[in-house]
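Please find one structure pasted underneath; my questions will follow.
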Amino acid sequence: MIKLGVNIDHIATLRQARREGVPSVVEAALVCEKAGAYGITVHLREDRRHIQDYDAYNLREILKIKLNLEIAVTEKVLGVALDVKPDSVCIVPEKREELTTEGGLDVKNNKKNLSSVVSKLRKSGIVVSIFIDPDIEQVSACSEVGADAVELHTGKYSLLFKESSSLLTKCKDELNRIAEASKEALKRNLILNVGHGLDYENVGQVCKIYGVNEFNIGFSIISKAIFNGLQKAVFDMKKLIEHNSNL
Ligand code: PXP
């Protein structure tokens, strides 16, 4: 079965809106763990807009399941990753102005720098993945720089899927691109992960792609949790008020 890594960055987005410690990233991770997630993913962005360094350290200490840290290649963040020692690191491109990771990393044109970063992380016992567009040449480049895994970007597929509830040709083409890139990854003995923009409606088609090891899903799960978890939160609060009113 394909494993589920849950990205909980947006628990931290909410916490950072007030900076009063809630909702707790650790608590969210433990709930995911209890619910059967295979791993937890957090993105330590250069601008620290959501996840903070201490989140990565806390998660490392508390989690029994896999911790996957997403980082861009900057000296400071790489230093934190090497110190935290998550089970895996996914190297992603990063732009300050973007709302979320927009495209895959251009590994093909950055082989020298990436080889050295991958080697540092691997020497530290960390499994290294690289987030790339579903492009055969980028997959080959990941293998050449010594990565253990690729994470294929499903963002374009997800956007195309949203444009129609039926599978448009364009969406099918993008799925085929993901399938072709997947074949190349397996051929090169790379662990095959996929993610970005996956939700309750579009994930089914991606499940059919052969050889996928793991999905990394964040936004749709956290969005759903607002409603699915809210009922109990309201019920518990009502009970608490009721109880205290009777004192
Ligand atoms: N994989 C990578 C590399 C990402 O950067 C993100 C977004 O942080 C995800 C997966 C999860 O994407 P989403 O939040 O759209 O499910």
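So, in region 92-174, how many Lys pairs have Cα atoms under 27 Å apart, if the pair is 8 or more places apart or on different chains?
Here the count comes out as 21.
Round to a whole angstrom and tell me the spacing of the C-alpha centers of region 43-86 and region 113-168.
Computed from Cα coordinates, the inter-centre distance equals 19 Å.
Please list, in chain and number order, the residues 5+ apart from Thr41 or on another chain whose amide H is under 5 Å from its amide H, with Hs placed from the backbone.
HN-HN under 5 Å from Thr41: Val6, Asn7, Ile8, Asn68.
Right, next: Before rounding to the nearest 500, sum -39500 (n - 2.57) across all DSSP H runs of length at least 4 in the chain and divide by the residue total; then give [θ] at 222 nm in deg cm²/dmol.
-15500 deg cm²/dmol
Next question. For Ala179 and Lys120, what is the calculated FRET efficiency with R₀ set at 41 Å and r taken between the beta-carbons, to the nearest 0.05?
0.80
Same structure again: At 0.36 nm per residue, and after removing the present C-alpha to C-alpha distance, how many nm does the segment from Lys187 to Asn228 gain when stretched out fully?
Full extension from Lys187 to Asn228 adds 10.7 nm.
Efficiency by 1/(1 + (r/R0)^6): what FRET value for Ile136 and Asp87, r their Cβ-Cβ distance, R0 = 22 Å, to the nearest 0.05?
0.20
If I fit a long axis through the Cα atoms of helix 169-187 and take the longest principal axis of the Cα atoms of the chain, what angle between them do I get, 0 to 90°, rounded to 10?
Result, in degrees: 70.
I'd like the GluC sites (Glu not before Pro) in region 39-108 restricted to DSSP loop residues with at most 15 other Cβ atoms within 10 Å, sorted by number.
Qualifying residues, ordered by number: Glu46, Glu97, Glu98, Glu102.
Measuring from the lowest to the highest alpha carbon on each principal axis, how far does region 1-154 reach, largest first, in angstroms?
In descending order, the Cα extents are 43, 36, 29 Å.
For Ile191, what residues show an amide H to amide H distance below 5 Å, using hydrogens built from the backbone and excluding near sequence neighbours?
Residues meeting the criterion, in which the H sits 1.01 Å from N, are Ala149, Val150.
Step through the residues of region 190-202 one at a time and calculate ³J(HN,Hα) from phi using the Karplus curve (6.51 cos²θ - 1.76 cosθ + 1.60, θ = phi - 60°), rounding each to whole Hz and writing x for Gly and Pro.
Residue by residue, region 190-202 yields 8, 5, 10, 10, 9, x, 4, x, 6, 9, 5, 9, 9 Hz.
For q = 0.18, 0.21, 0.26, 0.29 Å⁻¹, what log10 I(q)/I(0) does region 1-67 give under the Debye formula with an equal point scatterer on each alpha carbon and no solvent?
These q points yield log10 I(q)/I(0) values of -0.60, -0.80, -1.16, -1.37.
Take the alpha carbon gyration tensor of region 35-79, find the square roots of its eigenvalues, order them as a ≥ b ≥ c, and report rounded if a/c is under 1.5; if not, report prolate when a/b exceeds b/c, else oblate.
Here region 35-79 falls in the prolate category.
Regarding region 153-229, what is the average projected area of its C-alpha convex hull, in nm²?
The Cα convex hull of region 153-229, projected and averaged over all directions, gives 5.2 nm².
Got the relative contact order for region 33-175 handy, in percent, Cα pairs under 8 Å and 6 or more residues apart?
Computed over region 33-175, the figure is 17 percent.
Given labels modelled 7 Å from the Cα in the Cβ direction, how far is it in nm from Asn113 to Glu27?
Between Asn113 and Glu27, the simple spin-label model gives 4.0 nm.
Under 10 Å, Cα contacts only: if you run a Gaussian network model on the chain, which one of Leu44, Leu159, Leu105 comes out with the highest mean-square fluctuation?
Judging by the Gaussian network model, the answer is Leu159.
Can you sort Ser116, Ser140 from fewest to most other Cβ atoms within 10 Å of each residue's own Cβ?
Listing Ser116, Ser140 from fewest to most nearby Cβ atoms yields Ser116, Ser140.
What length, rounded to one decimal in nm, is gained on full extension from Tyr57 through to Lys170, with 0.36 nm per residue of separation minus their alpha-carbon distance?
36.5 nm
Readers should treat all values here as calculations from the given coordinates under stated rules, not as data from a laboratory. These numbers were taken from a predicted model, which means no experiment stands behind them. Ideal geometry is used to build each Cβ from the backbone, glycine not excepted, and the neighbour counts take in all protein chains shown.
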